[in-house]
Amino acid sequence: MGQNEEKLVALTFDDGPSNITEKVLDILEENGIVGTFFLIGNLVTADKKATMERQLALGCEIANHSFTHSDMSKMSAEEIREEIRRTSDVIRELVNVETKFFRPPYILVSDTMYENMDMPFICGLDSTDWNPETTAQERVERVVSNVKDGSLVLMHDLQDNEKTLQALPVIIAELKKQGYSFETASGIFEKKKVNPHVPKKMWSNVFD
Ligand SMILES: [Zn+2]
């Protein structure tokens, strides 16, 4: 199969680092696959350094999910730039990487946000796993029945999000059965030869 025919998916995780992030990494490692972690800056503390180093060592990507996880659509240009800068800074200080992608908290966006950020905005195929009432089985079904080549799957390594730990191995097994390979956010755009830098665009799939 040529590069362009290979079915690719990017699993992405928001709202960490948390008490389940290491367990998500265990599952990814057991399956020999990578994911992308959109970190909340104010959760990025020195005690998370080892977890972040493990993310990178496994080939995972670290991305930007704001500093305070607030509704940024109501913020001024200056406040928006501060949210991004502080998060990029604290990640760079701990593990020396530059974040390349941004996910807006609550997927709320404004023109001011688009105009004041250089990073591509990522939404994704929503597993609805941010809702504690969504069962593990529903999380699996949301993903495996809606996934397409190029999908960016939105999940959460949110504090205590045990149902996603139950769903994740099943999601991975199902996607493997459907013939998918797994990439980071950077990797899936690169392999599909799609430039993610498109003005005022929020991506859920690299092809739409
Ligand atoms: Zn979030």
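Computed quantities for the displayed model
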read-out: Kirkwood Rh and Cα Rg combined as Rg/Rh, the chain; value: 0.94
read-out: Alpha-carbon centroids, region 34-108 and region 152-208: separation in whole Å; value: 17 Å
read-out: The chain, relative contact order in percent, only Cα pairs under 8 angstrom and at least six apart counted; value: 31 percent
read-out: 3J(HN,Hα) from dihedral phi, region 200-208, Karplus parametrisation 6.51/-1.76/1.60, rounded to Hz, x for glycine, proline; value: 6, 10, 10, 8, 10, 8, 5, 9, 8
read-out: Residue order, fewest to most surrounding Cβ atoms within 10 angstrom, among MET155, MET72; value: MET72, MET155
read-out: Peptides ranked, highest mean first, by Cβ atoms within 10 Å: ranges 60-67, 201-208, 97-104; value: 60-67, 97-104, 201-208
read-out: Net charge, LEU125 excluded, C-beta distance under 15 Å - Lys, Arg +1, Asp, Glu -1; value: -4
read-out: Long-range HN-HN contacts of ASP126 with modeled amide H, under 5 Å; value: LEU154
read-out: Derived scalar couplings ³J(HN,Hα) [region 188-196; Karplus, 6.51 cos²θ - 1.76 cosθ + 1.60; whole Hz; x for Gly, Pro]; value: 6, 5, 5, 5, 8, 6, 10, 7, x
read-out: Cβ-based exposure ranking for THR12, THR128, in which fewest neighbours within 10 Å come first; value: THR128, THR12
read-out: Charged-residue dipole, Cβ positions (Lys, Arg, Asp, Glu), the chain about Cα centre, Debye nearest 20; value: 460 debye
read-out: Ordering of 36-45, 115-124 by packing [mean C-beta count within 10 Å, highest first]; value: 36-45, 115-124
read-out: The chain: calculated mean residue ellipticity at 222 nm from DSSP helix runs of at least 4, using -39500 (n - 2.57); value: -11000 deg cm²/dmol
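Read-outs: derived from the displayed coordinates by stated rules, not from any lab. This structure is a prediction, so every number in the text was calculated from the model and none was measured. Cβ atoms come from the backbone with ideal geometry, glycine included; neighbour counts cover every protein chain shown.
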